[in-house]
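The values are calculated or read from the model by the stated rules, or taken from the named source; none is laboratory data. Quick caveat, the model's predicted, so the values are computed rather than measured. Positions of Cβ are backbone-derived with ideal geometry, glycine not excepted, and every protein chain shown enters the neighbour counts. Just so you know, the surface numbers come from the protein's heavy atoms only, side chains and all, with ligands and any DNA or RNA stripped out. Shrake-Rupley method; radii C 1.70, N 1.55, O 1.52, S 1.80 Å.
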Amino acid sequence: SSMSNEQDREYKRNVQIIFQDPSSSLDPRQTAGKIIGEPLVVNGRRREAKEVVLKLMAEVGLLEEQYGLYPHELSGGQRQRIGVARGLALNPSLIVCDEPVSALDVSIQAQIINLMQDLQQKFAFTYLFISHDLSVVKHISDRIAVMYMGRIVELAPKVMLYSAPLYPYTLGLLDAIPAPNPNDKKEQSTIEGDVPNPIDPPSGCRFHPRCPRAMDICRTQPPVMRELRDGHSVECHLYN
C-alpha cells in the first residue's frame, strides 16, 4: 500500500500467478493467443505481442495452429499450458503457483510439473508452489514451509523435511501419505479432532487441541520459530 504507481506496476510485472483451475481462470471469450498476449498488451508491447506469444507457445508445448483456438476447444492440460505461458509473458522473477495441477489427471500432472521445472531452469525464476499433494511438493520443491491455521510451523530443505520432520503436524501429514503398495503396512500417527475456527483460534499453540504431544505450556504460550539445524526451523515448544 506504500508503493508508488510505478513501483506497483513494476511489482506486478515481476510477480505473476498460475491459477488452480485452467477451465475457470481463462477468459472463454478470448483465444489462446490473446490470453497469453494480454499482459504484453497491457504493458505497452502490443506490436511484438504475437511474435512473443508464438515463442511462448512453443516453449510450453503448444502448436502455432492453436493460437486462434478458444479454451473450450483445448484439453485441460493444454489450457493449463496457456496459463503457464501467460505467467511467463513478462519474464517475471517470481511465479505463484496456486495448486496448478490439482485439477488435472495424474498423467497430465506429471507433464505439467516436468514442463514447469524445465522452464524454471531455462528462465531462472522462482516458484512459490502451493499444494496439498505431498508427492508433488516433494518432486518440485527445494525448500518447504508447512502451514497450520495460517502460520508457518516448520520450514526446511526438502530432503531434511521428508527424512527428519520435527513438528507433530508435519509428522501426521507425512504419515498420511498412502503407500504405493497396498501390502506394505505402516503405522500411522493419525491427527485427531477438527481444525479450530480460524476467527477464534486456540490460545497458545494453535495445534495443541489436536497434538498428541501437547504440554501445559502449549495451551497458554505461543511458541516461537527457532532454527535447530542448517535451514531447518520449527515453531514448537518441544524444541524451545
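For Glu38, project a label point 7 Å along Cα to C-beta. Then give me every residue of the stretch 53-86 with its amide nitrogen under 14 Å of that point.
Hits in the stretch 53-86 for Glu38 at 14 Å: 70-72, 82-86.
Just by accessible area at a 1.4 angstrom probe, what is the order of His237, His232 from largest to smallest? Could you put the intermediate results ahead of the total?
Working: His237 20, His232 0 Å².
Highest to lowest solvent-accessible surface, that is His237, His232.
Please compute the length gained on full extension between Thr190 and Tyr239, using 0.36 nm multiplied by the number of residues separating them and subtracting their Cα-Cα distance.
15.5 nm
For Lys185, list the aspartates and glutamates whose Cα falls under 20 Å from its own Cα; do not include residues on the same chain fewer than 8 positions away.
Straight-line reach from Lys185, under 20 Å: Asp175.
Using DSSP, restrict attention to beta bridges with both residues in the stretch 93-240 and report what percent are antiparallel, rounded to the nearest 5.
Rounded to the nearest five, the antiparallel share is 70 percent.
Convex hull over the alpha-carbon atoms of the chain: what's its volume per residue in Å³?
On the way: hull volume 41.6 nm³, N = 240.
Roughly 173 Å³ of hull volume per residue.
Quick one: 3J(HN,Hα) in Hz for the stretch 74-83, Karplus 6.51/-1.76/1.60 with θ = phi - 60°, rounded, Gly and Pro as x.
Karplus values, whole Hz, x for Gly and Pro: 10, 6, x, x, 5, 5, 6, 5, 4, x.
Tell me the relative contact order for the chain as a rounded percent, counting alpha carbon contacts under 8 Å between residues six or more apart.
Over the chain, the number comes to 15 percent.
Given +1 on the Cβ of Lys and Arg, -1 on the Cβ of Asp and Glu, and no further charges, what dipole in debye does the stretch 19-170 carry about its Cα centre, rounded to the nearest 20?
Charge dipole, the stretch 19-170, about its Cα centre: 380 debye, nearest 20.
Charges on Cβ only, +1 for Lys and Arg, -1 for Asp and Glu, centred on the Cα centroid of the stretch 117-234; of Leu134, Pro212, Ala124, which one is farthest towards the dipole's positive end?
Ala124
Under the definition of Cα pairs under 8 Å and six or more residues apart, what whole-number percent is the relative contact order of the stretch 54-173?
Relative contact order of the stretch 54-173: 18 percent.
Scan around Cys97 for amide H atoms under 5 Å from its own, H built in the peptide plane at 1.01 Å from N, and keep only partners 5 or more places away or cross-chain.
Ile18, Leu128, Phe129, Ile130
Classify the stretch 151-239 as rounded, prolate or oblate, taking a ≥ b ≥ c as the square roots of the eigenvalues of its Cα gyration tensor: rounded when a/c is under 1.5, otherwise prolate if a/b is larger than b/c and oblate if not.
oblate
List the aspartates and glutamates whose Cα lies under 19 Å from the Cα of Lys50, skipping any in the same chain that are fewer than 8 positions away.
Hits, sequence-local ones excluded: Asp27, Glu38, Glu59, Glu64, Glu65.
At what distance in angstrom do the alpha carbon centres of the stretch 183-238 and the stretch 124-156 lie from each other?
Here the answer is 18 Å between Cα centres.
Output wanted: per-residue J couplings in Hz (rounded whole) for the stretch 13-21, from phi through Karplus 6.51 cos²θ - 1.76 cosθ + 1.60, θ = phi - 60°, x for Gly and Pro.
These are the phi-based 3J(HN,Hα) values: 6, 8, 10, 10, 9, 10, 7, 5, 10 Hz.
Please list, in chain and number order, the residues 5+ apart from Val153 or on another chain whose amide H is under 5 Å from its amide H, with Hs placed from the backbone.
Answer set, sorted by chain and number: Val146, Met147, Tyr148.
So which GluC sites (Glu not before Pro) in the stretch 147-227 are both in a DSSP loop and have at most 10 other Cβ atoms within 10 Å of their Cβ?
Counting only loop positions with at most 10 other Cβ atoms within 10 Å, the GluC sites (Glu not before Pro) in the stretch 147-227 are Glu187, Glu192.
Taking θ = phi - 60°, what integer Hz values does the Karplus form 6.51 cos²θ - 1.76 cosθ + 1.60 yield along the stretch 146-157, in sequence order, with x for Gly and Pro?
For the stretch 146-157, the Karplus curve yields 9, 10, 9, 6, x, 10, 6, 9, 8, 9, 7, x Hz.
Taking the alpha-carbon centroid of each part, what is the distance from the stretch 162-181 to the stretch 1-61 in angstrom?
37
Between Asn181 and Ser4, how many nm apart are label points set 7 Å from Cα along the C-beta direction?
So the label points at Asn181 and Ser4 sit 6.4 nm apart.
When only DSSP loop residues count, what trypsin sites (Lys or Arg not before Pro) in the stretch 86-189 have their Cβ near at most 12 other Cβ atoms within 10 Å? Display every interim value, and only then the final one.
Working: sites: Arg86, Lys122, Lys138, Arg143, Arg151, Lys158, Lys185, Lys186; in loops: Lys185, Lys186.
Taking the stretch 86-189 and a limit of 12 other Cβ atoms within 10 Å, the loop trypsin sites (Lys or Arg not before Pro) found are Lys185, Lys186.
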